[in-house]
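Visitor: Could you have a look at this structure, given as structure tokens, before my questions?
The values are calculated or read from the model by the stated rules, or taken from the named source; none is laboratory data. Only a predicted model underlies this, so the values are computations on that prediction, with no experimental measurement involved. Neighbour counts run over all protein chains shown; Cβ positions are idealised from the backbone, glycine included.
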Amino acid sequence: MTVVIEGAAQILRPPTDGLPYLRHDRAGELGAEPGSIALDGERIAAIGTDVAAWGSDDVTAHLDASGCAVVPGLVDCHTHLPFAGWRAEEYAMKVAGRTYADIARAGGGIRSSARALAEATDVALLDQAGHLAAEMLVHGTTTFETKSGYGLSIDAELRALRLAGELACTADQDVAITALVAHAVPDGFDADGWLHAIAGALPQMTEERRISALDVYVESVAFTNDHLQRVGALAAEHGLDLRAHVEQFAQHRSVPMALEAGARSVDHLACVHPDDVMALADAECAAVLLPGAEFLGDEAVAPARALVDAGAIGVLATDANPGTSPVVSLPLIIGLAVRRYGWTVREALLATTLNAAWVVRRSRETGSLEVGKRADVLVLDGPIESVPYRLGHNPVAFAFVAGRLAWQRPDCAWRLSA
Ligand code: NIG
Ligand code: FE
């Protein structure tokens, strides 16, 4: 399929091509000039004034983008698919004042989702995950990451990773898979014993499953900084990236540990120590902020303005999971980030495109509009400034994944002519 997206009000462009990521103090350099963009098969063929010169004879579709912004497909680099069912009753408890740790210690939280996962059939799990992936696509997510972590036994973790692999084959999007090997301490183990078992199982996990990263949750109800170090060593041994859930509900000073272990990202950071902000901002490690979890859990708010001003590789994600963030819409996350972090819309879009793609090692392929990159492209129904402003509205009119029209909003169909 060859598509020319014509006459857009704004085309979001990086300051130069070929950047692996853009540090956030440079987000203001993202351009948003009017123009056109041509997609040829799976690739972006021309942008801006080059489109007229490109002029292929066999254009199969024209898309009238007047008044619209064209932006890269969004990248959600932190989700917990696949999971079974939801935990709305816990949300009601939290709203009434019970803490996450309290609910977890009473057998709720991750353990409750582990029980639900064990009881659900493969078909039911893939059905739920597939519907969520479709909902993500409608909201502009063209690449996402999934994690295991609700298995809580070696066999169940292997099953979750197998199902993530099946989701990767069936979803419209490009999917990266992370093994969240230390999420909660399973019954019958202590934390050290569980990591010993994981170390034994990792050769099988990496041989049989297409995983690219290991993840660990450091918290009073989960694992410690020593375990973070151990998971980092396992990741290095197996040639995998290290991701880490840190500083979500309390301060554990996990960031220096994670940096020392070579983490590709540290995620949450709501309670990060002020002294760790500069070190993180200087490092080649992304600060993945999860404002949906912060908002719904009434958590502390990450020092997002300070991280950005210091030049961190800032990233936003949904953290889609049945506990802390049952949210799949990145436009909503952008809206929360702009209001609660005091970010500009360019900062929020950089954090959900190029920099998020870097976290999952996709930024050579996607995450920015550049000739030759995969044609993961969104046409929004208004300017980029409307994305945070119209909070709760889904601005995505068209979503192309690798040049294929994967979603079009019915009320915008008139814009497309064959
Ligand atoms: O990223 N914090 C740990 N993991 C998830 C929540 C998991 C759950 O409660 O099911 C998170 O917020
Ligand atoms: Fe998470």
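Visitor: Is one or more of the residues making up region 66-86 surrounded by fewer than 21 Cβ atoms within 10 Å (Cβ to Cβ), within 16 Å of ligand 2 (Cβ to nearest atom), modelled with pLDDT of 95 or more and not assigned by TED's automatic domain parsing to the domain that holds residue 413?
Guide: Yes, region 66-86 contains at least one residue that is surrounded by fewer than 21 Cβ atoms within 10 Å (Cβ to Cβ), within 16 Å of ligand 2 (Cβ to nearest atom), modelled with pLDDT of 95 or more and not assigned by TED's automatic domain parsing to the domain that holds residue 413.
Visitor: On the basis of being farther than 19 Å from residue 147 by Cα and more than 16 Å from ligand 2 (Cβ to nearest atom), does residue 192 make the cut?
Guide: Spelling it out, residue 192 is indeed farther than 19 Å from residue 147 by Cα and more than 16 Å from ligand 2 (Cβ to nearest atom).
Visitor: Considering 256, 303, 322, which residue is surrounded by fewer than 24 Cβ atoms within 10 Å (Cβ to Cβ) and within 27 Å of residue 239 (Cβ to Cβ)?
Guide: Going through 256, 303, 322 in turn, just one is surrounded by fewer than 24 Cβ atoms within 10 Å (Cβ to Cβ) and within 27 Å of residue 239 (Cβ to Cβ): 256.
Visitor: Quick one: which of 391, 380, 416 is in contact with a Pro (Cβ under 7 Å, 6 or more places away or on another chain) and aliphatic (A, V, I, L, M)?
Guide: Only one candidate passes the filter, namely 380.
Visitor: Would you tally the residues in region 267-288 being away from ligand 1 (no atom under 12 Å from the Cβ) and not in a loop (DSSP other than H, G, I, E, B)?
Guide: Of the residues in that region, 11 qualify.
Visitor: Sticking with this structure for a sec: Which pairs do you get when a residue that is touching a residue at least 24 places away in the same chain (Cβ under 8 Å), found in region 375-396, comes within reach of a residue that is of a type in the set (Lys, Arg) and not in a loop (DSSP other than H, G, I, E, B), reach meaning Cβ atoms under 6 angstrom, with the pair 6+ apart or on two chains?
Guide: 375/43
Visitor: Any residue that is of a type in the set (Ser, Thr, Tyr), in the same structural domain as residue 333 (by TED's automatic domain parsing) and farther than 25 Å from residue 287 by Cα - is there at least one of those in region 129-145?
Guide: Within region 129-145 (the criterion being of a type in the set (Ser, Thr, Tyr), in the same structural domain as residue 333 (by TED's automatic domain parsing) and farther than 25 Å from residue 287 by Cα), the answer is no, since none of the residues qualifies.
Visitor: Further question: Taking residue 257 as the residue in question, decide whether it is away from ligand 1 (no atom under 14 Å from the Cβ) and either free of Cβ contacts under 8 Å to residues at least 12 places away in the same chain or closer than 26 Å to residue 101 by Cβ (or both).
Guide: Answer is yes for this residue.
Visitor: For region 368-377, state whether one or more residues are surrounded by fewer than 18 Cβ atoms within 10 Å (Cβ to Cβ), modelled with pLDDT of 95 or more and of a type in the set (Ser, Thr, Tyr).
Guide: No, region 368-377 contains no residue that is surrounded by fewer than 18 Cβ atoms within 10 Å (Cβ to Cβ), modelled with pLDDT of 95 or more and of a type in the set (Ser, Thr, Tyr).
Visitor: Let me ask something additional. Against the conditions (1) of a type in the set (A, V, I, L, M); (2) away from ligand 2 (no atom under 16 Å from the Cβ); (3) buried (at least 21 other Cβ atoms within 10 Å of the Cβ), where does residue 288 fall short? Just the number, please.
Guide: Here residue 288 clears every test but (2).
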